[in-house]
Amino acid sequence: MKKRTFFVMLILFLIFLNSMILVVSIVILKDKLAADRDRCLSEHYVIATSLIGDMQALKQRESEVQENISKLMRVYSRYLQGKGDGLAVSYCGEWIYESSPLMPTENLGFAPDTGSRQERIVCLENEPAPILCVYGNFPAPWQDYGLMYIGNLEGMVSSWRHTKNILFLTGAAAMFVMALFLFQFLNIIFRPLRQISRASAKIANGNYESRIPVRGKDEIASVAHHFNLMAGQVETQIQKLRDAARQKQQFIDNFSHELRIPLTAIYGYAEYIQKASVPEEERYECTQFIMSECNRLQNMAYQLLNIALLRNEDMEEETCPVSSLFAQSKKVMNVKAAEKNIKLFYTLPQNLFIRGNAQQLLILLNNLIDNAMKASQTGEEVRVSAYSRKSGTVVEVEDHGIGIDPDSLSHIKEAFYRVDKARSRAAGGTGLGLSICESIVQLHHAEMIFASEPGEGTTVRLYFPKAVEEESFTSS
Ligand code: ADP
(Lines give C-alpha, C1' and ligand atoms only; values in the text may rest on other atoms or scores of the structure.)
Protein backbone atom coordinates (compact mmCIF):
# COMPACT_ATOMS: atom_id res chain seq x y z
CA MET A 1 0.00 0.00 0.00
CA LYS A 2 2.74 2.44 1.03
CA LYS A 3 4.92 1.50 -1.97
CA ARG A 4 1.99 1.85 -4.35
CA THR A 5 1.02 5.27 -2.95
CA PHE A 6 4.68 6.34 -3.11
CA PHE A 7 5.11 5.36 -6.75
CA VAL A 8 1.73 6.72 -7.88
CA MET A 9 2.37 10.09 -6.22
CA LEU A 10 5.92 10.21 -7.55
CA ILE A 11 4.77 9.45 -11.12
CA LEU A 12 2.03 12.09 -10.89
CA PHE A 13 4.54 14.62 -9.61
CA LEU A 14 6.98 13.62 -12.37
CA ILE A 15 4.34 14.14 -15.07
CA PHE A 16 3.26 17.47 -13.57
CA LEU A 17 6.83 18.76 -13.14
CA ASN A 18 7.96 17.77 -16.64
CA SER A 19 4.83 19.26 -18.23
CA MET A 20 5.51 22.51 -16.37
CA ILE A 21 9.16 22.53 -17.47
CA LEU A 22 8.07 21.84 -21.05
CA VAL A 23 5.53 24.67 -21.02
CA VAL A 24 8.05 27.10 -19.47
CA SER A 25 10.77 26.18 -22.01
CA ILE A 26 8.32 26.59 -24.93
CA VAL A 27 7.35 30.05 -23.61
CA ILE A 28 11.04 30.99 -23.26
CA LEU A 29 11.73 29.74 -26.81
CA LYS A 30 8.82 31.76 -28.17
CA ASP A 31 10.03 34.92 -26.36
CA LYS A 32 13.57 34.48 -27.65
CA LEU A 33 12.32 33.82 -31.17
CA ALA A 34 10.11 36.93 -31.04
CA ALA A 35 13.14 39.02 -29.92
CA ASP A 36 15.28 37.62 -32.78
CA ARG A 37 12.46 38.20 -35.25
CA ASP A 38 12.24 41.87 -34.19
CA ARG A 39 16.00 42.18 -34.50
CA CYS A 40 16.04 40.64 -38.03
CA LEU A 41 13.10 42.79 -39.13
CA SER A 42 14.75 46.00 -38.01
CA GLU A 43 18.13 44.99 -39.50
CA HIS A 44 16.35 44.13 -42.79
CA TYR A 45 14.63 47.50 -42.78
CA VAL A 46 17.80 49.49 -42.03
CA ILE A 47 19.89 47.65 -44.65
CA ALA A 48 17.13 47.80 -47.31
CA THR A 49 16.66 51.58 -46.79
CA SER A 50 20.40 52.21 -46.91
CA LEU A 51 20.83 49.93 -49.98
CA ILE A 52 18.08 51.79 -51.87
CA GLY A 53 19.90 55.05 -51.10
CA ASP A 54 23.16 53.56 -52.43
CA MET A 55 21.39 52.25 -55.55
CA GLN A 56 19.89 55.71 -56.16
CA ALA A 57 23.33 57.30 -55.84
CA LEU A 58 24.72 54.79 -58.39
CA LYS A 59 21.90 55.58 -60.79
CA GLN A 60 22.58 59.32 -60.48
CA ARG A 61 26.21 58.64 -61.32
CA GLU A 62 24.79 56.63 -64.25
CA SER A 63 26.61 53.49 -63.16
CA GLU A 64 25.11 50.07 -63.77
CA VAL A 65 23.32 49.09 -60.55
CA GLN A 66 23.03 45.38 -61.18
CA GLU A 67 26.74 45.00 -61.91
CA ASN A 68 27.80 46.94 -58.83
CA ILE A 69 25.36 45.30 -56.41
CA SER A 70 27.99 42.82 -55.10
CA LYS A 71 30.35 45.72 -54.32
CA LEU A 72 27.61 47.55 -52.44
CA MET A 73 26.55 44.42 -50.53
CA ARG A 74 30.07 43.55 -49.35
CA VAL A 75 30.04 46.56 -46.98
CA TYR A 76 26.81 45.33 -45.33
CA SER A 77 27.97 41.71 -45.30
CA ARG A 78 31.18 42.71 -43.48
CA TYR A 79 29.09 44.60 -40.95
CA LEU A 80 26.99 41.45 -40.35
CA GLN A 81 29.89 38.97 -40.24
CA GLY A 82 30.49 39.50 -36.51
CA LYS A 83 26.88 38.52 -35.77
CA GLY A 84 26.98 35.44 -37.99
CA ASP A 85 24.01 36.75 -40.01
CA GLY A 86 23.94 36.98 -43.82
CA LEU A 87 22.30 38.78 -46.80
CA ALA A 88 21.01 37.81 -50.24
CA VAL A 89 19.75 40.04 -53.08
CA SER A 90 17.38 38.99 -55.86
CA TYR A 91 16.71 40.59 -59.21
CA CYS A 92 13.68 39.61 -61.29
CA GLY A 93 13.24 36.35 -59.35
CA GLU A 94 16.97 35.37 -59.48
CA TRP A 95 19.42 35.50 -56.59
CA ILE A 96 22.18 37.80 -57.77
CA TYR A 97 24.06 38.05 -54.47
CA GLU A 98 24.54 35.66 -51.45
CA SER A 99 26.89 36.43 -48.61
CA SER A 100 26.07 33.75 -46.07
CA PRO A 101 27.10 30.10 -45.91
CA LEU A 102 23.72 29.71 -44.18
CA MET A 103 21.90 30.53 -47.41
CA PRO A 104 18.99 28.00 -47.52
CA THR A 105 19.21 25.60 -50.41
CA GLU A 106 15.57 24.61 -50.41
CA ASN A 107 12.67 26.65 -51.69
CA LEU A 108 11.59 29.01 -48.95
CA GLY A 109 8.15 29.65 -50.35
CA PHE A 110 8.88 33.39 -50.72
CA ALA A 111 11.45 33.09 -53.47
CA PRO A 112 11.93 36.46 -55.18
CA ASP A 113 8.54 37.67 -56.08
CA THR A 114 8.27 40.92 -58.00
CA GLY A 115 5.71 43.48 -56.97
CA SER A 116 5.35 42.28 -53.39
CA ARG A 117 6.58 44.58 -50.63
CA GLN A 118 5.62 42.36 -47.81
CA GLU A 119 8.22 41.05 -45.42
CA ARG A 120 8.12 37.34 -44.65
CA ILE A 121 9.73 35.34 -41.91
CA VAL A 122 10.68 31.71 -42.03
CA CYS A 123 12.51 29.88 -39.32
CA LEU A 124 14.31 26.80 -40.49
CA GLU A 125 15.91 23.80 -38.98
CA ASN A 126 18.67 24.55 -41.41
CA GLU A 127 22.11 22.89 -41.63
CA PRO A 128 24.71 23.79 -40.36
CA ALA A 129 22.69 26.19 -38.15
CA PRO A 130 19.04 27.13 -37.66
CA ILE A 131 18.15 30.41 -39.40
CA LEU A 132 15.38 33.00 -39.52
CA CYS A 133 14.84 34.61 -42.98
CA VAL A 134 13.20 38.01 -43.58
CA TYR A 135 12.47 38.85 -47.21
CA GLY A 136 11.00 41.95 -48.83
CA ASN A 137 10.81 43.55 -52.29
CA PHE A 138 12.05 47.11 -52.71
CA PRO A 139 9.63 49.93 -53.52
CA ALA A 140 9.38 51.36 -57.10
CA PRO A 141 11.41 52.09 -59.11
CA TRP A 142 13.47 49.23 -57.55
CA GLN A 143 10.64 46.72 -57.39
CA ASP A 144 12.65 44.15 -59.39
CA TYR A 145 15.10 43.92 -56.49
CA GLY A 146 14.47 42.13 -53.22
CA LEU A 147 16.58 41.72 -50.05
CA MET A 148 16.69 38.67 -47.76
CA TYR A 149 18.13 38.97 -44.26
CA ILE A 150 19.37 35.60 -42.91
CA GLY A 151 19.47 35.67 -39.12
CA ASN A 152 21.67 33.02 -37.45
CA LEU A 153 19.65 31.47 -34.60
CA GLU A 154 22.38 29.15 -33.34
CA GLY A 155 23.26 31.40 -30.38
CA MET A 156 19.64 31.82 -29.40
CA VAL A 157 18.82 28.10 -29.74
CA SER A 158 21.88 26.97 -27.78
CA SER A 159 21.13 29.53 -25.04
CA TRP A 160 17.55 28.19 -24.94
CA ARG A 161 18.82 24.59 -24.82
CA HIS A 162 21.10 25.55 -21.95
CA THR A 163 18.20 27.15 -20.05
CA LYS A 164 16.03 24.09 -20.80
CA ASN A 165 18.74 21.72 -19.52
CA ILE A 166 19.10 23.78 -16.33
CA LEU A 167 15.33 23.62 -15.88
CA PHE A 168 15.29 19.82 -16.33
CA LEU A 169 18.28 19.40 -13.99
CA THR A 170 16.53 21.55 -11.36
CA GLY A 171 13.41 19.43 -11.95
CA ALA A 172 15.40 16.23 -11.38
CA ALA A 173 16.83 17.66 -8.14
CA ALA A 174 13.32 18.73 -7.08
CA MET A 175 12.16 15.22 -7.95
CA PHE A 176 14.82 13.70 -5.69
CA VAL A 177 13.95 16.05 -2.81
CA MET A 178 10.26 15.35 -3.41
CA ALA A 179 10.90 11.56 -3.32
CA LEU A 180 12.72 11.89 0.03
CA PHE A 181 10.01 14.15 1.44
CA LEU A 182 7.25 11.86 0.16
CA PHE A 183 8.96 8.82 1.64
CA GLN A 184 9.23 10.49 5.05
CA PHE A 185 5.66 11.80 4.82
CA LEU A 186 4.25 8.37 3.94
CA ASN A 187 6.32 6.86 6.75
CA ILE A 188 4.61 9.21 9.21
CA ILE A 189 1.14 8.63 7.70
CA PHE A 190 1.50 4.84 7.60
CA ARG A 191 3.22 4.46 10.98
CA PRO A 192 -0.07 4.04 12.95
CA LEU A 193 -1.34 1.55 10.36
CA ARG A 194 1.91 -0.40 10.74
CA GLN A 195 1.47 -0.31 14.51
CA ILE A 196 -2.14 -1.50 14.18
CA SER A 197 -1.03 -4.31 11.90
CA ARG A 198 1.78 -5.33 14.32
CA ALA A 199 -0.56 -5.16 17.33
CA SER A 200 -3.22 -7.25 15.50
CA ALA A 201 -0.58 -9.84 14.63
CA LYS A 202 0.48 -9.97 18.30
CA ILE A 203 -3.14 -10.37 19.43
CA ALA A 204 -3.66 -13.08 16.80
CA ASN A 205 -0.65 -14.87 18.35
CA GLY A 206 -2.25 -14.73 21.80
CA ASN A 207 -0.51 -11.60 23.16
CA TYR A 208 -3.72 -9.86 24.27
CA GLU A 209 -2.03 -7.03 26.24
CA SER A 210 -0.81 -5.43 23.00
CA ARG A 211 -1.90 -1.79 22.57
CA ILE A 212 -1.15 1.09 20.16
CA PRO A 213 0.03 4.53 21.33
CA VAL A 214 -2.68 7.12 20.52
CA ARG A 215 -1.26 10.47 19.31
CA GLY A 216 -3.28 13.53 18.33
CA LYS A 217 -7.00 13.73 17.61
CA ASP A 218 -7.22 12.92 13.91
CA GLU A 219 -8.96 9.99 12.18
CA ILE A 220 -5.94 7.71 12.60
CA ALA A 221 -5.81 8.48 16.33
CA SER A 222 -9.51 7.60 16.49
CA VAL A 223 -8.84 4.27 14.70
CA ALA A 224 -6.00 3.55 17.16
CA HIS A 225 -8.24 4.48 20.10
CA HIS A 226 -11.04 2.17 18.93
CA PHE A 227 -8.55 -0.58 18.17
CA ASN A 228 -7.30 -0.32 21.78
CA LEU A 229 -10.90 -0.47 23.05
CA MET A 230 -11.51 -3.56 20.93
CA ALA A 231 -8.26 -5.16 22.14
CA GLY A 232 -9.30 -4.38 25.74
CA GLN A 233 -12.66 -6.06 25.19
CA VAL A 234 -11.02 -9.09 23.60
CA GLU A 235 -8.58 -9.32 26.51
CA THR A 236 -11.39 -9.06 29.09
CA GLN A 237 -13.50 -11.68 27.31
CA ILE A 238 -10.53 -14.04 26.94
CA GLN A 239 -9.69 -13.54 30.62
CA LYS A 240 -13.32 -14.33 31.53
CA LEU A 241 -13.25 -17.48 29.39
CA ARG A 242 -9.97 -18.53 31.00
CA ASP A 243 -11.36 -17.89 34.48
CA ALA A 244 -14.53 -19.81 33.64
CA ALA A 245 -12.49 -22.73 32.27
CA ARG A 246 -10.25 -22.67 35.35
CA GLN A 247 -13.25 -22.57 37.68
CA LYS A 248 -14.90 -25.40 35.79
CA GLN A 249 -11.75 -27.50 36.00
CA GLN A 250 -11.42 -26.71 39.70
CA PHE A 251 -15.06 -27.63 40.22
CA ILE A 252 -14.58 -31.00 38.49
CA ASP A 253 -11.38 -31.71 40.47
CA ASN A 254 -13.08 -30.83 43.76
CA PHE A 255 -16.20 -32.73 42.84
CA SER A 256 -14.34 -35.95 42.00
CA HIS A 257 -12.35 -35.57 45.22
CA GLU A 258 -15.51 -34.99 47.28
CA LEU A 259 -17.15 -38.01 45.66
CA ARG A 260 -14.20 -40.33 46.09
CA ILE A 261 -13.77 -39.81 49.85
CA PRO A 262 -17.27 -40.86 50.99
CA LEU A 263 -17.45 -43.68 48.43
CA THR A 264 -14.11 -45.10 49.59
CA ALA A 265 -15.24 -44.84 53.20
CA ILE A 266 -18.63 -46.42 52.50
CA TYR A 267 -16.99 -49.27 50.58
CA GLY A 268 -14.42 -49.78 53.39
CA TYR A 269 -17.06 -49.94 56.11
CA ALA A 270 -19.37 -52.18 54.08
CA GLU A 271 -16.47 -54.56 53.36
CA TYR A 272 -15.54 -54.56 57.05
CA ILE A 273 -19.10 -55.45 58.09
CA GLN A 274 -19.30 -58.17 55.46
CA LYS A 275 -16.00 -59.90 56.19
CA ALA A 276 -15.28 -59.63 59.89
CA SER A 277 -17.40 -60.98 62.69
CA VAL A 278 -18.17 -57.52 64.00
CA PRO A 279 -19.80 -56.98 67.37
CA GLU A 280 -23.34 -55.63 67.22
CA GLU A 281 -22.34 -52.22 68.66
CA GLU A 282 -19.56 -51.70 66.11
CA ARG A 283 -21.81 -52.86 63.27
CA TYR A 284 -24.32 -50.23 64.41
CA GLU A 285 -21.62 -47.52 64.32
CA CYS A 286 -20.49 -48.63 60.84
CA THR A 287 -23.99 -48.54 59.42
CA GLN A 288 -24.50 -45.18 61.11
CA PHE A 289 -21.41 -43.84 59.37
CA ILE A 290 -22.48 -45.32 56.03
CA MET A 291 -25.88 -43.69 56.42
CA SER A 292 -24.41 -40.27 57.29
CA GLU A 293 -22.07 -40.41 54.27
CA CYS A 294 -24.99 -41.45 52.06
CA ASN A 295 -26.92 -38.55 53.50
CA ARG A 296 -24.07 -36.20 52.55
CA LEU A 297 -23.92 -37.64 49.04
CA GLN A 298 -27.65 -37.14 48.80
CA ASN A 299 -27.19 -33.53 49.92
CA MET A 300 -24.48 -33.07 47.31
CA ALA A 301 -26.70 -34.49 44.57
CA TYR A 302 -29.47 -32.15 45.70
CA GLN A 303 -27.13 -29.14 45.68
CA LEU A 304 -25.74 -30.09 42.26
CA LEU A 305 -29.29 -30.26 41.00
CA ASN A 306 -29.82 -26.75 42.38
CA ILE A 307 -26.70 -25.54 40.54
CA ALA A 308 -27.97 -27.11 37.31
CA LEU A 309 -31.35 -25.44 37.80
CA LEU A 310 -29.69 -22.07 38.38
CA ARG A 311 -27.81 -22.39 35.08
CA ASN A 312 -31.18 -22.45 33.39
CA GLU A 313 -31.47 -18.76 32.56
CA ASP A 314 -35.25 -18.56 32.29
CA MET A 315 -36.01 -17.54 35.86
CA GLU A 316 -39.66 -16.92 36.62
CA GLU A 317 -39.82 -13.58 38.40
CA GLU A 318 -42.49 -12.27 40.73
CA THR A 319 -42.74 -9.79 43.54
CA CYS A 320 -42.28 -11.88 46.67
CA PRO A 321 -43.47 -10.56 50.05
CA VAL A 322 -40.71 -11.12 52.61
CA SER A 323 -43.39 -12.15 55.12
CA SER A 324 -44.36 -15.21 53.05
CA LEU A 325 -40.67 -16.02 52.45
CA PHE A 326 -40.06 -16.00 56.23
CA ALA A 327 -43.22 -18.06 56.85
CA GLN A 328 -42.10 -20.81 54.44
CA SER A 329 -38.56 -20.78 55.83
CA LYS A 330 -39.89 -21.08 59.39
CA LYS A 331 -41.75 -24.30 58.50
CA VAL A 332 -38.51 -26.08 57.49
CA MET A 333 -35.89 -24.40 59.65
CA ASN A 334 -37.84 -24.47 62.95
CA VAL A 335 -37.72 -28.28 62.85
CA LYS A 336 -33.94 -28.26 62.30
CA ALA A 337 -33.49 -25.63 65.00
CA ALA A 338 -35.50 -27.71 67.43
CA GLU A 339 -33.37 -30.78 66.62
CA LYS A 340 -30.21 -28.80 67.51
CA ASN A 341 -31.91 -26.89 70.31
CA ILE A 342 -31.14 -23.53 68.71
CA LYS A 343 -33.32 -20.47 69.24
CA LEU A 344 -34.38 -19.24 65.81
CA PHE A 345 -36.04 -15.77 65.61
CA TYR A 346 -37.59 -14.10 62.57
CA THR A 347 -38.15 -10.30 62.74
CA LEU A 348 -40.06 -8.31 60.12
CA PRO A 349 -40.95 -4.74 61.24
CA GLN A 350 -42.83 -3.80 58.08
CA ASN A 351 -44.23 -5.32 54.94
CA LEU A 352 -41.34 -5.68 52.46
CA PHE A 353 -40.98 -7.10 48.95
CA ILE A 354 -38.24 -8.66 46.88
CA ARG A 355 -38.45 -9.00 43.10
CA GLY A 356 -37.32 -12.50 42.08
CA ASN A 357 -37.99 -16.21 42.11
CA ALA A 358 -39.63 -17.31 45.38
CA GLN A 359 -38.22 -20.85 45.21
CA GLN A 360 -34.65 -19.65 44.71
CA LEU A 361 -34.99 -17.00 47.41
CA LEU A 362 -36.14 -19.69 49.84
CA ILE A 363 -33.13 -21.90 48.99
CA LEU A 364 -30.85 -18.87 49.55
CA LEU A 365 -32.35 -17.95 52.92
CA ASN A 366 -32.49 -21.54 54.21
CA ASN A 367 -28.87 -22.19 53.21
CA LEU A 368 -27.71 -19.15 55.17
CA ILE A 369 -29.82 -20.09 58.21
CA ASP A 370 -28.54 -23.68 57.97
CA ASN A 371 -24.93 -22.44 57.94
CA ALA A 372 -25.65 -20.17 60.91
CA MET A 373 -27.12 -23.09 62.84
CA LYS A 374 -24.21 -25.37 61.91
CA ALA A 375 -21.79 -22.74 63.27
CA SER A 376 -23.78 -22.30 66.52
CA GLN A 377 -23.66 -24.27 69.74
CA THR A 378 -26.72 -25.79 71.35
CA GLY A 379 -28.81 -23.14 73.07
CA GLU A 380 -27.43 -20.24 71.00
CA GLU A 381 -29.57 -17.79 69.03
CA VAL A 382 -29.88 -17.30 65.29
CA ARG A 383 -31.72 -14.14 64.21
CA VAL A 384 -33.27 -13.62 60.79
CA SER A 385 -34.53 -10.12 60.03
CA ALA A 386 -35.39 -7.82 57.12
CA TYR A 387 -35.52 -4.06 56.90
CA SER A 388 -35.87 -1.39 54.29
CA ARG A 389 -33.12 0.86 52.99
CA LYS A 390 -33.26 3.70 50.45
CA SER A 391 -31.75 1.44 47.81
CA GLY A 392 -33.99 -1.57 48.57
CA THR A 393 -34.52 -4.44 51.00
CA VAL A 394 -31.91 -5.92 53.32
CA VAL A 395 -32.24 -9.46 54.70
CA GLU A 396 -29.92 -10.36 57.56
CA VAL A 397 -28.95 -13.69 59.16
CA GLU A 398 -27.03 -13.32 62.39
CA ASP A 399 -25.45 -15.96 64.61
CA HIS A 400 -23.12 -16.01 67.62
CA GLY A 401 -21.27 -19.14 66.55
CA ILE A 402 -17.64 -19.92 65.77
CA GLY A 403 -17.20 -17.12 63.23
CA ILE A 404 -14.87 -17.12 60.24
CA ASP A 405 -11.22 -15.99 60.14
CA PRO A 406 -10.39 -13.19 57.62
CA ASP A 407 -8.32 -15.48 55.34
CA SER A 408 -11.18 -17.97 54.92
CA LEU A 409 -13.74 -15.18 54.51
CA SER A 410 -12.46 -14.43 51.00
CA HIS A 411 -12.86 -18.10 49.93
CA ILE A 412 -16.11 -19.27 51.50
CA LYS A 413 -18.15 -18.54 48.34
CA GLU A 414 -15.98 -20.91 46.26
CA ALA A 415 -17.50 -24.32 45.46
CA PHE A 416 -16.42 -27.12 47.85
CA TYR A 417 -14.57 -24.69 50.13
CA ARG A 418 -14.99 -25.38 53.81
CA VAL A 419 -13.22 -23.66 56.69
CA ASP A 420 -13.16 -26.77 58.85
CA LYS A 421 -13.53 -29.77 56.57
CA ALA A 422 -14.03 -32.39 59.30
CA ARG A 423 -16.59 -30.29 61.12
CA SER A 424 -18.50 -29.49 57.94
CA ARG A 425 -18.45 -33.12 56.83
CA ALA A 426 -19.70 -34.26 60.21
CA ALA A 427 -22.56 -31.78 59.88
CA GLY A 428 -23.41 -33.14 56.41
CA GLY A 429 -21.93 -30.08 54.63
CA THR A 430 -20.93 -30.27 50.99
CA GLY A 431 -19.15 -26.92 50.54
CA LEU A 432 -21.57 -26.05 47.75
CA GLY A 433 -24.13 -24.06 49.77
CA LEU A 434 -22.58 -20.58 49.55
CA SER A 435 -21.58 -21.06 45.92
CA ILE A 436 -25.27 -21.70 45.15
CA CYS A 437 -26.24 -18.71 47.33
CA GLU A 438 -23.86 -16.46 45.37
CA SER A 439 -25.36 -17.61 42.03
CA ILE A 440 -28.89 -16.86 43.30
CA VAL A 441 -27.75 -13.46 44.60
CA GLN A 442 -26.24 -12.59 41.20
CA LEU A 443 -29.39 -13.69 39.36
CA HIS A 444 -31.34 -11.27 41.56
CA HIS A 445 -28.86 -8.40 40.98
CA ALA A 446 -28.29 -8.41 44.72
CA GLU A 447 -25.20 -8.47 46.94
CA MET A 448 -24.18 -10.86 49.74
CA ILE A 449 -21.78 -9.46 52.34
CA PHE A 450 -20.28 -11.37 55.28
CA ALA A 451 -19.18 -9.71 58.52
CA SER A 452 -17.55 -12.14 60.92
CA GLU A 453 -15.29 -12.33 63.97
CA PRO A 454 -13.79 -15.68 64.97
CA GLY A 455 -15.39 -16.76 68.25
CA GLU A 456 -17.94 -13.90 68.11
CA GLY A 457 -20.27 -14.95 65.32
CA THR A 458 -21.22 -14.07 61.79
CA THR A 459 -23.73 -11.70 60.14
CA VAL A 460 -24.66 -12.20 56.50
CA ARG A 461 -26.48 -9.33 54.78
CA LEU A 462 -28.34 -9.66 51.50
CA TYR A 463 -28.90 -6.34 49.67
CA PHE A 464 -31.78 -6.57 47.18
CA PRO A 465 -32.66 -3.75 44.76
CA LYS A 466 -35.98 -2.00 45.33
CA ALA A 467 -39.02 -3.90 44.03
CA VAL A 468 -41.58 -1.78 42.05
CA GLU A 469 -44.48 -2.75 44.33
CA GLU A 470 -42.50 -1.68 47.36
CA GLU A 471 -41.93 1.74 45.80
CA SER A 472 -45.67 2.28 45.24
CA PHE A 473 -46.38 0.77 48.65
CA THR A 474 -44.06 3.27 50.38
CA SER A 475 -45.31 6.29 48.45
CA SER A 476 -49.03 5.57 48.88
P1 ADP B 1 -21.19 -26.23 53.76
O2 ADP B 1 -21.98 -27.19 53.04
O3 ADP B 1 -19.90 -26.76 54.26
O4 ADP B 1 -21.94 -25.43 54.72
P5 ADP B 1 -21.08 -23.68 52.42
O6 ADP B 1 -20.66 -23.34 51.05
O7 ADP B 1 -22.47 -23.39 52.77
O8 ADP B 1 -20.72 -25.19 52.63
O9 ADP B 1 -20.15 -22.90 53.40
C10 ADP B 1 -18.75 -22.90 53.17
C11 ADP B 1 -18.02 -22.80 54.50
O12 ADP B 1 -18.19 -21.51 55.04
C13 ADP B 1 -18.58 -23.72 55.54
O14 ADP B 1 -17.97 -24.98 55.46
C15 ADP B 1 -18.22 -23.02 56.80
O16 ADP B 1 -16.93 -23.41 57.22
C17 ADP B 1 -18.21 -21.56 56.46
N18 ADP B 1 -19.40 -20.83 56.93
C19 ADP B 1 -20.50 -20.51 56.21
N20 ADP B 1 -21.38 -19.83 56.95
C21 ADP B 1 -20.85 -19.73 58.20
C22 ADP B 1 -21.27 -19.13 59.43
N23 ADP B 1 -22.42 -18.51 59.56
N24 ADP B 1 -20.41 -19.20 60.48
C25 ADP B 1 -19.22 -19.82 60.36
N26 ADP B 1 -18.77 -20.38 59.23
C27 ADP B 1 -19.57 -20.37 58.17
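The values are calculated or read from the model by the stated rules, or taken from the named source; none is laboratory data. Predicted model, so just to flag it, every value in this text is computed and none were measured. Neighbour counts run over all protein chains shown; Cβ positions are idealised from the backbone, glycine included. For accessibility, only protein heavy atoms count, side chains too; no ligands or nucleic acids. Shrake-Rupley method; radii C 1.70, N 1.55, O 1.52, S 1.80 Å.
Is it the case that Met103 is open to solvent by less than 90 Å² (accessible area, probe 1.4 Å), in contact (Cβ under 8 Å) with a residue 40 or more places away in the chain and not in a helix (DSSP H, G or I)?
Yes: the conditions hold for Met103.
The residues in region 413-465 that are closer than 17 Å to Ala375 by Cα, crowded, with 16+ Cβ neighbours inside 10 Å and among the acidic types (Asp, Glu) can be counted, and the count is 0. Only one entry of Gly392, Gly403, Gly379 meets the criterion of being touching a Pro at 6+ places or on another chain (Cβ under 8 Å) and open to solvent by 10 Å² or more (accessible area, probe 1.4 Å), and that entry is Gly403.
From the list Ser25, Ser19, Ser70, the lone residue that is over 13 Å from Ile150 (Cβ atoms), of a type in the set (Ser, Thr, Tyr) and either over 60 Å from the mean Cα position of the chain (by Cα) or not in a helix (DSSP H, G or I) (or both) is Ser70.
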